[in-house]
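Working notes for the structure below.
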Amino acid sequence: MLTLKFVRSIKATPSAAWQVIVDFPAYNEWNPFITECMAELQPGAPIVMQVNMGPFELEQTEQVTQVEHEKLFEYRMRPVGRWLYSKRQHRLEVLGAGECRYTSYFELRGWLSPIVTLCMGLFLWRGFRRMTNAVKTRAETISP
C-alpha cells in the first residue's frame, strides 16, 4: 500500500483554492504533475488526465466519486479486482478569514501496489508534492 498526504495552509479562501482545483482546462498553465485534465464535477463522470511521471507521461482515466462544493473533490481508479485500486482527494477546510487548509491525499492499494510503488512511487511522491505546492501558489496568486 502507498499513502501520500500533503497539507498546506493557503492564504486564500476555500472558494479561491476550489477554483484552482476544478479549473481543469487551466491545469497546463500551472500544474507540473497533471498537465492536461478533462472532467465534470459529477459523481460517476470520467476524469481523463495526462500525468507527468518524470521521464514519461501517461494518460490516466479514473472516475469522479465525490464532489462537495468548495470542500472535497475525490476520484478513484476503476479497481482491477483486488489487484490494484486507488483513491485521490483534494480537501479544503476553512482556517479563518481568507485562509484555508488544503489536504492532498492519494492512496494506492491492492496486491500489485508494492510493485507499482517500487516502479513509480518516487514519481508519484514528487508529482503530488509539486502539485500541492502549485495549488497553494496559484490560489494565493489569484486571491484578492
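The values are calculated or read from the model by the stated rules, or taken from the named source; none is laboratory data. Fair warning: this is a prediction, and the values are worked out from it, not measured in the lab. Virtual Cβ from ideal backbone geometry, glycine too; neighbours counted across all protein chains shown. Side chains are part of the model used for accessible areas, which takes the heavy atoms of the whole protein and leaves out ligands, DNA and RNA. Shrake-Rupley method; radii C 1.70, N 1.55, O 1.52, S 1.80 Å.
For region 41-56, the set of residues classified as at pLDDT 95 or above and either within 25 Å of Glu93 (Cβ to Cβ) or assigned to a loop (DSSP other than H, G, I, E, B) (or both) consists of Leu41, Gln42, Pro43, Gly44, Ala45, Ile47, Met49, listed by residue number. Out of all the residues in region 3-15, is one or more open to solvent by less than 40 Å² (accessible area, probe 1.4 Å), at pLDDT 95 or above, out of contact with any helix residue (DSSP H, G or I) (no Cβ under 6 Å at 6 or more places or on another chain) and closer than 16 Å to Arg88 by Cα? For region 3-15, residues open to solvent by less than 40 Å² (accessible area, probe 1.4 Å), at pLDDT 95 or above, out of contact with any helix residue (DSSP H, G or I) (no Cβ under 6 Å at 6 or more places or on another chain) and closer than 16 Å to Arg88 by Cα: absent. When Gln60 is tested against (1) without any contact (Cβ under 8 Å) to a residue 40 or more places away in the chain; (2) under 23 Å from Cys119 (Cβ atoms); (3) crowded, with 18+ Cβ neighbours inside 10 Å, exactly one condition is not met: (3). Among all residues of region 18-29, there is none that is assigned to a strand (DSSP E or B), in contact with a strand residue (DSSP E or B) (Cβ under 6 Å, 6 or more places away or on another chain) and in contact (Cβ under 8 Å) with a residue 24 or more places away in the chain.
For region 63-101, filtering for residues that are over 28 Å from Pro114 (Cβ atoms), of a type in the set (A, V, I, L, M) and touching an Asp or Glu at 6+ places or on another chain (Cβ under 7 Å) leaves 1.
Do we have Pro79 as open to solvent by 60 Å² or more (accessible area, probe 1.4 Å), touching a Phe, Trp or Tyr at 6+ places or on another chain (Cβ under 6 Å) and over 21 Å from Arg138 (Cα atoms) here? In short, yes. Residues in region 1-17 that are of a type in the set (A, V, I, L, M, F, W, C) and in a helix (DSSP H, G or I) were compared, and the one that is nearest to the chain's Cα centre (by Cα) is Ala17.
Give region 82-119 a look and list any residue that's in a loop (DSSP other than H, G, I, E, B), open to solvent by 60 Å² or more (accessible area, probe 1.4 Å) and either touching a strand residue (DSSP E or B) at 6+ places or on another chain (Cβ under 6 Å) or closer than 21 Å to Val7 by Cβ (or both), or say none. Selection gives Ala97, Leu112. Taking region 66-76 as the range and being closer than 12 Å to His90 by Cβ and assigned to a strand (DSSP E or B) as the test, the residues that pass are Gln66, Val67, Glu68, Leu72, Phe73, Glu74, Tyr75. Restricting attention to region 120-144, the residues that are among the aliphatic types (A, V, I, L, M) and surrounded by fewer than 16 Cβ atoms within 10 Å (Cβ to Cβ) add up to 2.
Looking at (1) closer than 17 Å to Ile21 by Cα; (2) at pLDDT below 95, find the lone condition where Glu62 falls short. Result: Glu62 passes all but (2).
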